[in-house]
Amino acid sequence: MGKDLEEMEKKFDSIDETLSTAAKRVAPLQSLAIAAKALDTRTNRAVSPALHLLHSFKLSESFQHKLIQLSHKLSIEKNPRNRLKKLLKYVQCIDQLNKAINLISLDGEPVIQKLQEVVEFLSRTKATDQYRTERLKETLITLRALYESEVDAMKFDGLLDEALLNLQDEFEIMLQQMKHQKIGEQQADEDADQPVPVVSELGTKMEVEILRRIAETLAANDCLDICIDIFVKVRYRRAAKALMRLNPDYLRTYTPEEIDEMGWKSLETAISLWIQHFELAVKTVFLSEKKLCKQVLGGLPEVLIWLECFVKITDKIMAVFFRFGEGVARSNREPQKLFKLLEMFDSLEKLKLEFTEIFEGESGADICIRFRELEKLLVHASSKVFWEFGLQIEGTSDGFTPPQDGSVPKLVRYAVNYLKYLTTETYNAPMAKVLRTEQIWKAGILSKPETDENLLKDAISNIMEALQRHIGSKSSGYKDKILPHVFIMNTYWYIYMRSRNTELGKLLGEQYLKQKYKSVAEESAYMYQWQAWGPLVSLLEKEESEQDTKATAAYVRGKLEAFFKCFDEISKRHARGYSIPDADLRAQLRGATVKLVVPVYSEFLNTHSTLLSGKSYVPPESLQGLVGQVFNGTDRTGNGRLKRQDSKDIMPARNSVSGEGELKNSRRSRSKSVDV
């Protein structure tokens with residue numbers, strides 16, 4: 001057992017010695033394997049990227065060939081839809097080519113550097129034979145030369161550059177083809193309300209998508225500025241051309257001096273067109289352009305570039321609209337212009353919210369500021385015209401004679417109808433807002449202004465008071481003592497009747513109208529009646545006299561002769577000098593005068609009936625008819641018979657100066673909206 005163990009131990013020692021000898025002999029081979037593996041890894045790290053670089057060169061070459069083919073197909077394609085599809089493929093191919101070139105440009109330098117390091121390592125360590133090292137050097141030189149010569153040419157001078165130029169042309173052509181539809185095709189009549197057309201899409205989804213892809217492709221190839229210039233230039237022309245179809249020739253006249261020289265009808269039409277066109281431009285043309293800007297340019301890396309482009313497109317067009325509005329606001333402040341100023345202001349107020357939404361952000365700040373400045377100018381101009389209207393009414397107290405027949409002066413007719421028109425639904429709210437805005441400017445934003453209704457009521461009451469002072473001043477210019485009463489009666493009755501049951505009457509209040517105008521008219525009618533007809537009645541007043549004497553009979557006959565002589569004078573005076581144009585007022589005066597005169601005459605006849613027996617005299621019924629004919633526009637002829645006179649004999653010709661002419665010697669005619 002012991003011997004067996006010793007022999008076994010000797011065998012182990014022998015095996016161990018053999019293994020040690022083998023290990024010493026294998027060790028160099030193991031080192032060589034490790035070195036070979038390390039060399040292979042180092043070489044692969046340089047060669048694999050180089051192979052990928054060569055593959056990228058092959059890809060770029062294939063994309064260039066494909067680009068040539070697509071360009072040819074695109075040039076001969078006539079069907080619009082098929083052409084759009086080919087154009088989309090063309091853009092995609094350009095993107096692929098650009099990606100391949102960028103990959104070559106990005107990877108080229110690191111790949112060549114790694115290859116250079118491997119060549120230097122092999123040359124230094126002689127890890128491989130000289131033939132393989134030389135071949136690797138030649139490959140390195142060729143790759144470096146290819147990279148240095150071809151990359152810049154592919155990016156800036158090759159097919160990619162040509163394709164980008166073609167793409168710019170396609171971009172411009174497509175933008176030009178996107179037109180605003182139905183702008184100006186359905187022009188409304190001058191006095192008709194035309195609804196603003198609904199915003200329409202400028203292009204199909206495919207067209208917009210291709211434009212977006214083109215814009216992104218151009219931006220990715222350092223052509224963003226060119227892309228924006230093309231977009232702004234083409235879309236500005238399209239928007240301007242769309243609005244030019246509306247024939248806005250009036251916009252050529254925009255300075256205050258030029259506007260003052262325009263006839264009123266022309267200016268009135270121009271302002272109405274400006275309101276319509278301004279709204280249409282904002283709600284239709286500009287909204288469509290903004291939508292297209294966002295769709296095409298909204299995906300670019302510069303997030304808000306599309307808003308800046310939109311503002312550039314609209315800025316010049318808005319400037320043309322603004323300068324006309326500013327010219328109108330700064331022109332002469334004539335009374336009839338107030339209504340058009342209020343229409344302009346009201347249209348801007350209705351557009352304000354939408355306008356600020358369309359011209360949002362920092363890009364549209366300047367346009368929004370100018371919009372607000374125009375509103376301020378219109379508020380200032382409207383308030384000035386309104387207040388100066390009252391001053392002009394008072395300013396006409398001197399220099400113009402009152403109507404010689406006591407009729408209503410044209411200035412009063414103009415002023416009443418002017419205020420009636422101002423208080424209609426169309427103008428009362430804008431006028432009240434103008435007055436409130438003006439009050440806030442004067443008192444400060446923290447002040448508590450009155451309600452719109454009270455502001456407008458107080459303002460119009462001031463004008464009415466100025467009108468009353470004007471009437472009082474005019475009434476003092478008559479030499480005839482009866483005419484002032486006829487004048488005041490006619491004028492105040494006209495104001496009351498034309499104001500009641502209207503928006504003006506509702507605003508001022510029925511009680512106000514009765515106290516200020518109806519009661520004054522009735523008092524003047526009473527004074528007219530006693531001064532015009534009182535002397536006639538006094539001729540027949542009772543007097544103590546002896547009965548049945550010849551002297552008394554002669555005295556009674558003399559009274560009747562004096563009565564009818566006085567009646568003839570009154571009739572002629574009414575026919576030639578007194579005018580009561582209102583039929584209702586004339587009927588009331590006729591009835592009151594009949595009640596005043598005929599009962600006294602009847603009583604006189606009854607009292608002296610015995611003295612007048614056998615004598616011819618006018619019966620009370622006939623006298624009633626004669627009195628009625630005085631107010632109906634009749635007179636007595638020399639033979640005592642009644643004869644209907646022509647209206648031109650009854651009513652003397654009136655002063656031909658218009659109400660507005662009394663306000664101001666204006667070259668313009670009044671607006672039809674406030675004609676009497």
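All of the numbers you see were taken from the coordinates with simple rules; none came from a lab. For clarity, every value in this text was computed on a predicted model and none was experimentally measured. Reconstructed Cβ throughout: ideal geometry from the backbone, glycine too, with neighbour counts over all protein chains shown.
Legend: residue pairs Lys514/Lys595; Lys433/Lys514; Lys89/Lys179; Lys58/Lys99; Lys179/Lys241, Cα-Cα distance threshold 18 Å; pairs beyond threshold, Lys514/Lys595; Lys433/Lys514; Lys89/Lys179.
Going by how many other Cβ atoms sit within 10 Å of their own, how do Glu289, Glu569, Glu326, Glu172 line up, fewest first?
Working: Glu289 25, Glu569 12, Glu326 19, Glu172 16.
Placing the least packed residue first, the sequence is Glu569, Glu172, Glu326, Glu289.
What separates the Cα centres of region 80-95 and region 358-384 is a distance of 45 Å.
Look at the alpha carbon pairs under 8 Å that are at least 6 residues apart: their mean separation over the length of region 355-506 gives a relative contact order of 34 percent.
With a ≥ b ≥ c taken as the square roots of the eigenvalues of the C-alpha gyration tensor of region 252-363, please select rounded if a/c is under 1.5 and otherwise prolate if a/b is larger than b/c or oblate if it is not? It is prolate, given that a/c is not under 1.5 and a/b is the larger ratio. If you plug the beta carbon distance of Trp387 and Glu523 into 1/(1 + (r/R0)^6) with R0 = 41 Å, you get a FRET efficiency near 0.85. Considering only alpha-carbon pairs that sit under 8 angstrom and 6 or more positions apart, the relative contact order computed for region 204-381 is 30 percent.
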